Each structure stands twice: as structure tokens, then as C-alpha cells.
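Peer 1: Please see the structure below; I have some questions.
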Amino acid sequence: MHPILGRIAICFVLFLILFPALTSQIYIIWPWYGRELSVELITLLLPFNVFVVSLLWNYYLCIVTDPGEVPDGWKPDTQSGEGYEVKRLTGCPRFCRTCEKFKPPRSHHCRQCNRCVLRMDHHCPWTNNCIGHFNYGHFIRFLFYVDVTCSYHLAMVSYRVMAASRVRYYDEPTGAELIFIILNYVFVVPVILVVGAFSLYHFHGLLGNTTTIEGWEKDKAAMLRRHGKIEEVKFPYNLGVRRNIASILGNNPLLWCCPTVPPGTGLKYQLSVADAHHSWPPRDPTLANQIPFKLPDSPWTYENGNVNPNLRPTNGQLRGVNGNHCKYTQDPISVLPPYHPDYKDPGVDAHPGRPYSPHSESDHSEEGYSEVVRVRRGSEGYEVRPVTREQLFQEYVQDQINEAGRYQVYEPEHTPESDEDFEEDIDELSGEAGDSDDEVPLALR
């Protein structure tokens, strides 16, 4: 994300927090209590302001706290029994080719930050920062305080609305107060619905010590398990609910709602499985024998990497009339160009002429023709049958003859002498036929 867009997103979040927090107290609750301080007013507004301050403080920590990155020169200790993550294809420790560093367990490369983040959960556009090992606890507290503050705000404003519905003339809200009540509902209700659903997802991940990326990996492993491809695999970082929360929010439960530094360095994590050399995420066994992709030495390849000598398209089979495939024993089309020394002319009979339009959308033969052109699909264009020099010359001569006004065609003139000769012929035929009208042909009569 562009830095300016990130700052705009932060300003928008601050507006969503401060507008309901300030307007609800200044334009709704304060006029309702007669604009005078009282114990009841302080009792109502003091917890709300504590929640708002805690919300803003944790949001600030999410923005400014670095999630953690891989130190320069760090390498996994392959000799120790603490465990390390390996590549599924090679079995070697994970290595980031972009950062040119080894990847610690649960770390991933963020394209937005352009670095590898320790225990990366996701890149949050609303904080303009990655959520990782060192600020994930602040992010959890931020979501918690959003839910608590919005719930307290809705209860406080709804209590004012219920008091106004009791038909007391001195409790009726003014026009400005009524407008701000509606605006507060419009701002807070969508926030608590969206952020509340998002909070439930992350609270569930906190109880299972699972990041967002690892949640996708667990879903994939569950799908492979349902299809019977693998056996049930235990998630290696699930230590139990109590220890999972302590690994993020600290060991003291009394300080879970207060900003604290998470334990650990983010370079190694305790495993719940006995085998230190775990395999997570599990790989699809059907891909075990898959050949790694390798670029060929020559750009002229065909299907499995071999050179295609005929350079034919994969769907280059001839089509007959009505889309039926033509069956032939030998392809009459020569692979070599006409100027090649080994070129053999297949003959005129092998390729009878037919009209063809490159603008035609159909690759079937036209009515009256049994042969079709060979068509390449997609962006490969069209592959048309070869034409001999004799055919090209005949087509050129025919085009020149058919051109209007180029040649004068001789036509014999119509003369009276020719009419007299035609009448004499008719009389001779009628005399030979006889006098009977029945014997005279219909054409002569």
C-alpha cells in the first residue's frame, strides 16, 4: 500500500473512534444531565472514557510497534533437537530468495513491507503495518477494546432513548440531540458487527495459538484428511488454551488487558509434539512424485519438453463437414518450406482450392467443400494449407480476367441473315414431321 493511502486509512479509523466517543458525551449525555457535574454522570462516563483511552493506546501500539524481522546472518540450528521448519520439496531449511535470509519457524515474507515478518499473521491496511510476533498482543487488545467500547456506547445511548420515550416534556431530546443519536447509531452499529465478527475469528485463533496463515494451512490439512489422503496430523504449536494465551499476552492473567511485551524472541517456538522434526503443513501425498518445474534449454518445446519437429498445434486435427474429424493415414502437408532442397510438392489434388476468409469465426468447412483449413486456437492465429506456384498463377490470371473494364470480350452481332437461316431450318423440321398437328413437336408449334 502507498504510504499516503496508509495514512488516510489511519485517519479514517481515528475518525470512526473519536466521532461517536465525543459526540455521544457532548451532544447526548451532557445535555441529558442538565449540563451539570454529578456523581451519577461521572459514574456513567468514567468507564467509557477509560475504554476509549485504552482503545486508542493499543491502536497506537499496533501502528508504531515493529512486528519483528529476521536478524542478519541468522541460521537455523539443525543439530539441536528444538526443531526447525523445512521445505516440503527439498527437506532443507526454508530460505527467502527475496530477502536472501533463512526463515525462522512461522515467519513469512510480506510483499507490502518487502521483508520477512516473524510469526506473521497478516498485513493490516487499517494500521498500515504487519501484524506479527511483537504487536499481535496489541492487536488482540485493540479488537477487545473495540467490542467493549462499542457495546458500552450502544447501551449508554439506548438508555437515553428509552428515557426520552417515557413522555416527559423536560426529557424530550432537542433537534440537535436527535440528529446525533441517529448518527451515533449509524457509525457504531456497522462497526460492532464487522469488527465483532473479525474479533471472534482472532479470539478463536488465540485460543488455538494459530495465525491467519496457519488457519488456512489447517483448513487444507482437514480437507486432505476428509478425502482420506493423509492421517490426522496434530497442529505442532497448540500447547493448550492457558499456555496459548500466555504465549501472546504474557504469563500474568491480571495484565492480559494491559500493554505488555510478548515473551520470546520470535525465532523459535515450543512444540507440542514429541517429534521435533515435524512436518507442517502436511503435503498432499499425490504430489510426492511430482517433478519440480525446470525451464527448458530451448524455447522451442512441445508438451513434455521435447522438440516438436512438425511444429503443429495440439488441436491441429482436420475437421470435416459438420464438425466431424477427418481421418487420414498420411498428412499431405509438407513440413518443409517450398524453397527447401528436400521439399516435395504434394500435388494439386492433395490440396483442392477453396475460399477462406480469415474473418470467419467458424473453423468448420463451408457447404460444398469437404476440406477445411487447419486452425490454431487462441492467439496463435491461423495455419492455412500451402499453395503451389501454378495455383497462385492461375488464381492471379483469373482475377485479372474477372476485373471489370480490363479486357474487351468479343460477342457476335445479331443480323437478319441469321434469322432467315433459323426460319429455313424450322420449315425443314416441320416438313419432315408431317401434316398432323399431333406429330408436330410442341416446340415447333
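Peer 1: What residues qualify as long-range amide H neighbours of H122, i.e. H under 5 Å apart, gap of 5 or more or another chain, H built at 1.01 Å from N?
Peer 2: Amide H neighbours of H122: I131.
Peer 1: Which order do peptides 36-45, 12-21, 217-226 fall in by mean Cβ count within 10 Å, highest first?
Peer 2: Ranking, from highest mean packing down: 12-21, 217-226, 36-45.
Peer 1: Also, quick follow-up: Determine the alpha carbon to alpha carbon distance for each of K234/K268; K103/K220; K103/K229; K103/K234; K101/K220; K101/K268 and list only those over 25 Å.
Peer 2: Violating the 25 Å limit, Cα to Cα: K103/K229; K101/K220.
Peer 1: 5 Å is the cut-off here: which amide hydrogens, built 1.01 Å from N in the peptide plane, fall below it relative to R115, excluding neighbours closer than 5 in sequence?
Peer 2: C110
Peer 1: Further question: Can you give me the distance in nm between label points at E172 and Q112, each placed 7 Å from the Cα along the Cα-to-Cβ direction?
Peer 2: 5.0
Peer 1: Do any trypsin sites (Lys or Arg not before Pro) in the range 137-168 lie in a loop, going by DSSP, with at most 10 other beta-carbon atoms within 10 Å of their beta carbon, and if so which?
Peer 2: Listed in order of number, the matching sites are R166, R168.
Peer 1: So if R0 is 30 Å, what FRET efficiency would K229 and D72 give, r being the distance between their Cβ atoms, rounded to the nearest 0.05?
Peer 2: 0.15
Peer 1: Could you check the simple spin-label distance between Y60 and Q398, using points 7 Å along Cα→Cβ, in nm with one decimal?
Peer 2: With each label point 7 Å from Cα toward Cβ, the separation is 8.8 nm.
Peer 1: Moving on to the next point. Using a basic spin-label model with each label point 7 Å from the Cα along Cα→Cβ, how many nm lie between T286 and C11?
Peer 2: Roughly 5.2 nm, to one decimal.
Peer 1: For E69, enumerate residues with amide H under 5 Å from its amide H, sequence gap 5+ or separate chain, H modeled in the peptide plane.
Peer 2: Here the answer is L118, since their amide H atoms fall under 5 Å of that of E69.
Here, each number is a calculation from the coordinates, and none is a lab measurement. Remember, predicted model here, so these are calculated numbers, not experimental data. Counting neighbours? That spans all protein chains shown, and the Cβs are built from the backbone with ideal geometry, glycine included.
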